[in-house]
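Only one structure is covered here, and it is reproduced in the block below.
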Amino acid sequence: MYEVELKAWLDNKTETENKLKNFAIFDGFFEKQDTYYHLKSHNITVRIREEKITRPNDQIENQILVTYKKKESRLSENGEAYEVNLEKEFTISSKEDFQEILFDSGYEISLEKHKSVSSYYVNVENILETPISCHVEFCYIEKLGDFIEIETLTEDNSEKNTTKLKEALILILEKLEIPTSKIEKRYYKEMLKNVYIYQILMMIF
């Protein structure tokens, strides 16, 4: 399954989220602790996510997810950035046990990330008048700030199809009055590594 996704910076999370509540279904609050493991010899990265979910009925769920993504950044004709990612994901019962397998296979921890998330689902019609279910998340990323992430899933990763799906994501941005200039092209991992380098330089100088 392929993930068509974009993310954008938020100037006012509360105001924007209140707008979304008028046409979206709330899915719950998520606390996501991510640890990334990298295998240098093959340039492969695997993520383990420890997730605590508080559903609208206050039911608490906990799960541990292993995710492998082949990431690809694309640009539309208008220069708007979006991602098309091939994603493989499954649950595990123990982070420590799976982590030991990764270490024994040569993986090393490359990055840690924490996300606090409000999750919603939205149905939109794209220009082909086909209903598309989109997942919308309001995310606070430690050391970075507030973002909105919008994604949908597809089995067809052709340029024609993903462009149409990207337009559906842009429709949600427009409805929330978020300019496309707020779209962030970089991956969170890249941004966090830049923050880390900056902190090191500040300590040196």
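Of the trypsin sites (Lys or Arg not before Pro) found in region 8-63, the ones in coil according to DSSP and having at most 12 other Cβ atoms within 10 Å of their Cβ are Lys21, Lys40. Is the shape of region 122-173 best called rounded, prolate or oblate, per the rule: a/c under 1.5 gives rounded, else a/b larger than b/c gives prolate, else oblate, with a ≥ b ≥ c the square roots of the Cα gyration tensor eigenvalues? In terms of gyration-tensor shape, prolate. Beyond 25 Å in Cα-Cα separation lie the following of the pairs Lys19/Lys115; Lys40/Lys160; Lys52/Lys185: Lys40/Lys160; Lys52/Lys185. Placing +1 on the Cβ of every Lys and Arg and -1 on the Cβ of every Asp and Glu, with nothing else charged, gives the chain a dipole about its Cα centre of roughly 480 debye. Calculated mean residue ellipticity at 222 nm for the chain: -8000 deg cm²/dmol, from DSSP H runs with n ≥ 4 weighted as -39500 (n - 2.57), summed, divided by the residue count and rounded to 500. In loop segments of region 156-193 as defined by DSSP, the GluC sites (Glu not before Pro) with at most 12 further C-beta atoms inside 10 Å of their C-beta are Glu177. For region 1-99, averaging the sequence separation of C-alpha pairs within contact (under 8 Å, six or more residues apart) and dividing by the residue count gives a relative contact order of 27 percent. Rg and Dmax of region 43-119, based on Cα coordinates, read 15.9, 46 Å. Heavy-atom accessible area with a 1.4 Å probe sorts Thr180, Thr152, largest first, into Thr180, Thr152. Only Lys, Arg, Asp and Glu carry charge here, each on its Cβ (+1 for the first two, -1 for the last two); on that basis region 1-106 has a dipole of about 160 debye about its Cα centre. Per residue, the average separation of C-alpha pairs within less than 8 Å and at least 6 apart gives the chain a relative contact order of 28 percent. Label-to-label distance, Gln63 versus Glu77, with points set 7 angstrom from Cα along the beta-carbon direction: 3.9 nm. Working note: Debye formula, equal point scatterers on the alpha-carbon atoms of the chain, no solvent; log10 I(q)/I(0) at q = 0.18 Å⁻¹ is -1.45.
If r is the Cβ-Cβ distance from Ile92 to Asn43 and R0 is 22 Å, what FRET efficiency results, to the nearest 0.05?
0.40
The values are calculated or read from the model by the stated rules, or taken from the named source; none is laboratory data. Treat the numbers as computed from the prediction; the structure is a model and nothing was measured. Cβ: placed from backbone, ideal geometry, glycine included. Neighbour counts: every protein chain shown. These area figures cover heavy atoms from the full protein model, side chains too; ligands, DNA and RNA do not enter into them. Shrake-Rupley method; radii C 1.70, N 1.55, O 1.52, S 1.80 Å.
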